[in-house]
Amino acid sequence: MLSRVRSFLTTEAASRLYKTMILSVFDYCDVTWHNSGKGNSDILESLQRRACRIVCRDTVCGELSSDLLLQRLGWELLHVRREKHVLKLVQKCINGNVPEYFKNYFTKRHMNVHDHLTRYRSLLYQERIKLEHTKLAFFYKGTTIFNRDCSS
């Protein structure tokens with residue numbers, strides 16, 4: 001569909017069409033299926049790269065790599081977008097801007113250990129989990145992503 005419409009659109013208009021119609025599908029519930037596996041993530045990334053090539057088909061961008069095209073269009077990689085969405089939801093959970101059942105998902109590290117202000121006081125407490133399947137849950141992955149983002 002996008003390739004037929006592309007002959008009538010400028011690169012900017014095609015990019016807007018992608019962002020409004022296709023990217024919204026990629027973003028739908030992405031926080032819940034963020035950990036569905038590298039294979040699924042790679043498939044979505046390849047679809048985004050294909051859309052990038054379609055959007056830039058009639059311009060001089062045709063010879064560039066997909067990474068450069070994504071950069072030129074200002075599109076983020078989908079796994080980066082998903083991690084940003086996870087961080088936003090974790091932040092909402094910490095601030096209490098979520099329904100009741102989400103409010104107790106995350107706690108600050110220093111609240112469970114002691115009252116001293118340490119350099120890791122902004123990190124979240126992560127429970128020790130043995131089951132690999134449980135490590136894919138939102139509360140565990142959200143804590144991992146949040147702590148990695150805060151410590152860097």
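In nanometres, what is the gap between the two model label sites at Val80 and Asn95, each 7 Å from Cα along Cα-to-Cβ?
2.3
Within straight cross-link reach of Lys19, meaning Cα distance under 16 Å, which aspartates and glutamates are found once same-chain residues fewer than 8 apart are removed?
Cross-link targets: Asp27, Asp30, Glu45, Glu76.
Please compute the length gained on full extension between Asp149 and Ala137, using 0.36 nm multiplied by the number of residues separating them and subtracting their Cα-Cα distance.
Full extension from Asp149 to Ala137 adds 2.5 nm.
Which value, in debye to the nearest 20, gives the size of the charge dipole of segment 30-98 about its Cα centre, when Lys and Arg are +1 and Asp and Glu are -1 at the Cβ?
Here segment 30-98 has a charge dipole of around 180 debye.
Going Cα to Cα from Lys38, which lysines come in below 18 Å? Please leave out same-chain ones fewer than 8 positions away.
Partners found: Lys84, Lys135, Lys141.
Label-point separation (nm) for Thr20 and Gln126, each offset 7 Å from Cα along Cα-to-Cβ?
In this crude spin-label approximation the distance works out to 4.1 nm.
Given H placed on each backbone N at 1.01 Å, which residues far from Leu124 in sequence or on other chains put an amide H within less than 5 Å of it?
For Leu124, whose amide H was placed from the backbone, the distant partners under 5 Å are Arg109, Asn147.
Give the aspartates and glutamates whose C-alpha is closer than 17 Å to that of Lys108, dropping any in the same chain fewer than 8 places away, or say none.
Once the sequence-local aspartates and glutamates are set aside, what remains near Lys108 is Glu127, Asp149.
Length gain on complete extension for the stretch Leu64 to Lys108, per 0.36 nm per residue less the alpha carbon to alpha carbon distance?
Here the answer is 11.3 nm.
A short reminder: the numbers here are calculations on the coordinates, not readings from a lab. Quick caveat, the model's predicted, so the values are computed rather than measured. FYI the Cβ positions are ideal-geometry reconstructions off the backbone, even for glycines, and counts take in every protein chain you see.
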